[in-house]
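Trainee: The structure follows.
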2 protein chains.
Amino acid sequence: MRDLTAIRIVLVGTTDSGNIGAAARAMKTMGLSDLALVGPREFPSDKATARASGATDVLERALVVDRVEDAIADCNLVLGASARLRAITVPADTPREAADRIASLPGSTRISVLFGREKTGLTNAELDLCQRLIHVPANPEYSSLNLAMAVQVMAYELRQCLLEPAVEVADDVPPATQAAMDGLFEHLERALIHVRYLDPDNPRQLMRRMRRLFHRAEPDADEVNLLRGILTKIERSTPPTHD
Amino acid sequence: MRDLTAIRIVLVGTTDSGNIGAAARAMKTMGLSDLALVGPREFPSDKATARASGATDVLERALVVDRVEDAIADCNLVLGASARLRAITVPADTPREAADRIASLPGSTRISVLFGREKTGLTNAELDLCQRLIHVPANPEYSSLNLAMAVQVMAYELRQCLLEPAVEVADDVPPATQAAMDGLFEHLERALIHVRYLDPDNPRQLMRRMRRLFHRAEPDADEVNLLRGILTKIERSTPPTHD
């Protein structure tokens, strides 16, 4: 048995406030209660309240912020729901695989699941914040799940998987927080510029590729510190370079 | 692989025509297309059409009848969705159990799944027409799934169980070979010695920790080459060190 309330649903740039209400209702039916809204077009709204039905408490407690980063700063694992499987590969799970993965994590892990805009989903920059994607397998001829429906399916799978008898926990250290990962990537970028592997005037896709690689490894806080120690050593043992 | 179009969704006495449209959309996203409406309060309706989004074809082909019997006459198996587990016991399955059961039936079996009125569900007489019930496990403190949401969850489970395991492979590049990984770790070890982070006389557990971290990321061959390029650059930009 696991605490479903430790899982945050983050709705990014929602256009139709009715979907916010319907998502809150979907969450509450499955026992979730932590909702964050990033730049909603209209909130609070009567339409959201009406569609929330008996779940207005979820709306009232919702965190409303301007940037995705502010909704996930304290999270160890960030998953992004994506209707499309992008060209640049981030590993994608079905809702069931994602819920199974979450079930295997230590109970103290803080998790966010991001859902993007109705028409355009999450931006590439927002997807870069995600360790993994969640893709709901759908009819290839018509895969247009309504936003709140996607929240319902994910919440349903979370309840199915997390309230099942406890799964063997592989590791009792949760992944590093998003803030720690950001610190790592900033440090890595500085070090790569320092050794002149990365040209700040022509960065190409290098940091994106690094983020994907290190996100997949899901390093814990100790490992992030270890990597940063190495980066510091590299910076100190390399003379400043000049063109 | 099995024909999802042989499964009929029957909405009984639906009050809000918006739910009919949302249910049609939910069905189509999962590959279902056979919808029957028993005594809908308002149909056709603009609200249903709007909520159906790109699934208006499901609405246009919907069978509209007055009695449940007329919607299920040609069916071999009739399942009834029920939010409440009634005193009079009919066997109840979760959506997954129901979908597994359907998956085990001969392909020619015609199946209907009944969904009742928003407020009051199916009547006892309607439940008597069902061989089994389907009950979506929900938050006992708030189990009020929206009608179309319940259709979405059931359609999702049907697609999950009846279609072959989804081959949603995000990355078509296989992980690097073991030999390539060994080459990476040897190179990493040399580089860490070079920048004097690793003392070969007292290596502690450093390389073991690095191996664990990078193995978890499952880098592909391109990513291994990228990492080795960085290591080469670090070695070249750092003067050889002397004790």
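Trainee: Pulled fully out, how much extra length does the chain show between B:Asn225 and B:Asp201, if you take 0.36 nm times their separation in residues and subtract their Cα-Cα distance?
Mentor: 5.8 nm
Trainee: In addition: What are the ³J(HN,Hα) couplings of the stretch B:65-79, residue after residue, when phi is run through the Karplus curve with 6.51, -1.76, 1.60 and θ = phi - 60°? Round to Hz, x for glycine and proline.
Mentor: Couplings: 9, 8, 10, 4, 3, 6, 8, 10, 4, 8, 9, 8, 9, 10, 10 Hz.
Trainee: Between A:Ser108 and B:Leu105, how high is the FRET efficiency from 1/(1 + (r/R0)^6) when r is the Cβ-Cβ distance and R₀ = 45 Å? Nearest 0.05. Working shown, then result.
Mentor: On the way: r = 44 Å, r/R0 = 0.97.
Calculated transfer efficiency: 0.55.
Trainee: What list of ³J(HN,Hα) couplings, whole Hz, do you get for the stretch B:117-131 from phi and the Karplus terms 6.51, -1.76, 1.60, once you set θ to phi - 60° and write x for glycine and proline?
Mentor: In residue order, the calculated couplings are 5, 4, 8, 10, x, 8, 6, 4, 5, 5, 5, 5, 7, 9, 6 Hz.
Trainee: Among the trypsin sites (Lys or Arg not before Pro) within the stretch A:1-70, which fall in a DSSP loop and have no more than 14 other Cβ atoms within 10 Å of their own Cβ?
Mentor: Those satisfying the criteria are A:Arg41, A:Arg61, A:Arg67.
Trainee: So which lysines pass the test for A:Lys233, namely a Cα distance under 24 Å, with those fewer than 8 places away in the same chain ruled out?
Mentor: B:Lys233
Trainee: Now for a separate question. With the Cα gyration tensor of the stretch A:178-237 giving a ≥ b ≥ c as the square roots of its eigenvalues, does the rule (a/c under 1.5 for rounded; else a/b larger than b/c for prolate; else oblate) give rounded, prolate or oblate?
Mentor: The shape class here is oblate.
Trainee: Any idea what the B:Pro239 label distances to the other copies are, label 7 Å down the Cα→Cβ vector, nm, shortest first?
Mentor: 0.5
Trainee: Please calculate the 1.4 Å probe accessible area of B:Arg216, with all protein chains present, and give it to the nearest 10 Å².
Mentor: We get 100 Å² for B:Arg216.
Trainee: With θ set to phi - 60° and the Karplus curve 6.51 cos²θ - 1.76 cosθ + 1.60, what are the ³J(HN,Hα) couplings of the stretch B:187-198 in order, to the nearest whole Hz, using x for Gly and Pro?
Mentor: Taking θ as phi minus 60°, the curve returns 5, 4, 4, 4, 5, 5, 5, 4, 8, 6, 7, 9 Hz for the stretch B:187-198.
Trainee: I'd like the antiparallel share, as a percent to the nearest 5, of DSSP beta bridges with both residues in chain A.
Mentor: 10
Trainee: For a Förster distance of 30 Å, can you work out the FRET efficiency between the beta-carbons of B:Asp128 and A:Leu163, rounded to the nearest 0.05?
Mentor: Approximately 0.45, to the nearest 0.05.
Trainee: Additional query: Using amide H atoms built 1.01 Å from N in the peptide plane, name the residues 5+ places from B:Leu122, or on other chains, whose amide H lies under 5 Å from its own.
Mentor: B:Gly116, B:Arg117
Trainee: Give the lysines reachable from A:Lys47 as a straight Cα distance under 22 Å; neighbours fewer than 8 places away on the same chain don't count.
Mentor: A:Lys28, A:Lys119, B:Lys47, B:Lys119
Trainee: Hey, another quick one. Measuring from centroid to centroid over Cα atoms, what is the spacing of the stretch A:40-87 and the stretch B:35-60 in Å?
Mentor: The stretch A:40-87 and the stretch B:35-60 have Cα centres separated by 29 Å.
Trainee: Further, regarding this structure: For a bin width of 10 Å, list the pair-distance distribution of the protein assembly as shown built from all Cα-Cα distances, rounded to whole %.
Mentor: All Cα pairs, binned at 10 Å, distribute as 4, 18, 26, 21, 14, 9, 5, 2, 0, 0 percent.
Trainee: From the P(r) of the stretch B:4-162, could you give the percentage of C-alpha pairs in the tail past 27 Å?
Mentor: On the way: 1769 of 12561 pairs.
Cα-Cα pairs of the stretch B:4-162 separated by over 27 Å account for 14 percent.
Trainee: Using Cα springs under 10 Å in a Gaussian network model of chain B, which residue among B:Asn19, B:Asn202, B:Asn76 shows the largest mean-square fluctuation?
Mentor: Result: B:Asn202 has the largest fluctuation of those listed.
Trainee: Can you give me the angle between helix A:206-217 and the longest principal axis of chain A, using Cα atoms only, in degrees from 0 to 90, rounded to the nearest 10?
Mentor: Taking the Cα atoms of chain A, the angle to A:206-217 is about 60 degrees.
Trainee: Give the percent of DSSP beta bridges with both residues in the protein assembly as shown that are antiparallel, rounded to the nearest 5.
Mentor: The antiparallel proportion sits near 10 percent.
The values are calculated or read from the model by the stated rules, or taken from the named source; none is laboratory data. These figures come from a predicted structure and were not determined experimentally. Positions of Cβ are generated from backbone atoms using ideal geometry, with glycine treated the same way; all protein chains shown enter the neighbour counts. The protein model used for the area step is the full one, side chains on, heavy atoms only, and it has no ligands, DNA or RNA in it. Shrake-Rupley method; radii C 1.70, N 1.55, O 1.52, S 1.80 Å.
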